[in-house]
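To start, the structure under review is shown below, and the notes come after it.
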Amino acid sequence: MSPPLLSVADLTKAYGGAVALDGVSIEVGAGEFFALLGPSGCGKTTLMRCIAGFETPDGGKLTLKGEDLAGVPPHRRPVNMMFQSYALFPHLNVFENVAFGLRRKGEKEDAIRARVSELLEMTQLAPLGARRINELSGGQRQRVALARALAPRPSLLLLDEPLGALDRKLREETQFQLKEIQRETRTSFIIVTHDQDEALALADRIAVMRAGRVEQIASPIDIYERPATRFVAGFVGETNFIDGVIARDGGAALATSFGRLPRAECALPEGARATLSVRPERIDISRQGEGIAGRVEDFVFRGEYTLLRVRVAPDVVLRVGAYDGRFTIGDAVKLTIAPDAGVLFAGEA
Ligand SMILES: Nc1ncnc2c1ncn2[C@@H]1O[C@H](COP(=O)(O)OP(=O)(O)OP(=O)(O)O)[C@@H](O)[C@H]1O
Ligand SMILES: [Mg+2]
């Protein structure tokens with residue numbers, strides 16, 4: 001395997017007494033689209049600032065293309081960072097904003113013109129080169145910021161909430177463009193986002209962070225379907241947490257207050273407390289037949305499916321995705337959870 005482009009090893013950083021990074025290790029490959037996901041304050045921006053060189057870590061090691069970054073100033077790192085506020089220059093036009101980094105590097109005028117034109121083309125800004133920043137829409141400004149960040153050909157681009165200021169429709173369109181541009185330029189991207197769907201849609205791999213630590217690094221599918229911890233299961237996507245006790249007579253099962261849920265695989269011993277995390281769409285629902293008896297209490301129409309709240313015990317309500325069949329409040333239903341659906345965690349929440 002070729003060595004990673006970026007290696008972050010056991011990075012720590014505290015502000016006063018507050019720990020922002022508590023031993024973070026990640027590796028990002030050349031050309032990889034990597035996403036950082038986690039609740040507010042978990043250390044995402046701090047990690048990016050350490051990688052870019054705007055912040056000095058207290059401990060750990062950063063290596064980029066095999067070079068130790070300790071002591072290397074930001075402008076000498078083949079890294080660029082795009083801030084959420086974009087930080088564009090209002091007194092310069094679009095062309096000059098994109099050219100900024102190249103001029104600072106002292107590149108020749110011809111080379112600058114060629115590179116800027118190429119980027120304006122790529123970001124669909126070509127007709128707007130002479131415009132001033134305050135004459136642009138939010139989405140256009142976002143693209144100028146992206147073009148400017150890519151202009152000096154960084155090996156690694158850090159994007160902190162790059163689409164945060166855009167409305168939902170524009171955000172979705174821009175996600176595709178971002179992915180396309182990343183592929184075209186073969187630049188490694190590390191993107192920070194609050195939006196899980198965005199991380200799932202864009203990233204080759206996702207790191208889920210919590211309180212200065214990485215809980216899991218995996219592909220979007222694995223993060224969603226095989227969360228390593230209860231926190232990851234709860235943070236990414238919707239899920240049900242079902243508490244119970246392991247029973248091993250006649251095959252492994254989770255014994256719950258509303259019946260036995262057979263499990264295909266279970267490493268936990270008889271009598272152990274456990275929690276099953278199962279996504280709403282992995283619970284099958286029908287009007288009759290075998291299964292867990294429940295009653296529909298509430299539903300939300302979500303377009304391609306309906307999210308139902310189904311009471312299965314006095315103290316347990318499950319969220320169930322119904323893709324067909326019209327269910328309404330008060331309907332008696334039967335639920336089944338396949339023995340291989342969801343993930344079992346030891347202990348209770
Ligand atoms: N310059 C600073 N001085 C003191 N504390 C800081 C500083 N920068 C960040 N912190 C603290 O470090 C922790 C991590 O902050 P960071 O900005 O990295 O979080 P984040 O994951 O980017 O959050 P958000 O999603 O809200 O942007 C927080 O508790 C924050 O208050
Ligand atoms: Mg942040």
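Normalised by residue number, the volume inside the convex hull of the Cα atoms of region 1-154 is 145 Å³ per residue. Taking the empirical scaling 2.2 N^0.38 Å for compact globular proteins as reference, region 238-346 has a Cα radius of gyration ratio of 1.06. The alpha carbon radius of gyration of the chain, expressed as a multiple of 2.2 N^0.38 Å, is 1.20. Based on the convex hull around the alpha carbon atoms, region 1-73 presents an average projected area of 5.2 nm². The ellipsoid equivalent to the alpha-carbon distribution of region 104-196 has semi-axes of 22, 17, 11 angstrom, derived from the gyration tensor eigenvalues as √(5λ) and listed largest first.
The convex hull defined by the C-alpha atoms of region 31-91 has an orientation-averaged projected area of 5.9 nm².
Of the complete DSSP H runs in the chain, those spanning 15 angstrom or more by Cα along the long axis with a mean Kyte-Doolittle score not below 0.0 are 94-104. Could you run the Debye sum over the Cα atoms of region 135-263, one equal point scatterer each and no solvent, and tell me log10 of I(q)/I(0) at q = 0.09 Å⁻¹, two decimals? Log10 I(q)/I(0), no solvent term: -0.39. Taking region 276-297 and a reference point 7 angstrom along Cα→Cβ of SER257, the backbone N atoms nearer than 16 Å belong to 276, 293-295. Direction-averaged projected area, Cα convex hull, region 304-347: 4.4 nm², rounded to one decimal. Taking amide H positions as modeled 1.01 Å from N, with prolines and chain starts lacking one, the residues under 5 Å from GLU215 and 5 or more places away or on another chain are VAL208, MET209, ARG210.
At 10 °C and 1.306 mPa s, grab the translational diffusion coefficient of region 165-207 from Stokes-Einstein with a Kirkwood Rh over Cα pairs, rounded to a whole number in µm² per second. The diffusion coefficient I find is 145 µm²/s.
For the peptides 213-221, 196-204, residues were scored by their other Cβ atoms within 10 Å and the scores averaged per peptide; the highest-first order is 196-204, 213-221.
Coordinate-derived values only; no laboratory data. Keep in mind that this is a model prediction, so the values were computed, not measured. Glycine gets a Cβ as well: all are built from the backbone with ideal geometry, and neighbour counts include every protein chain shown.
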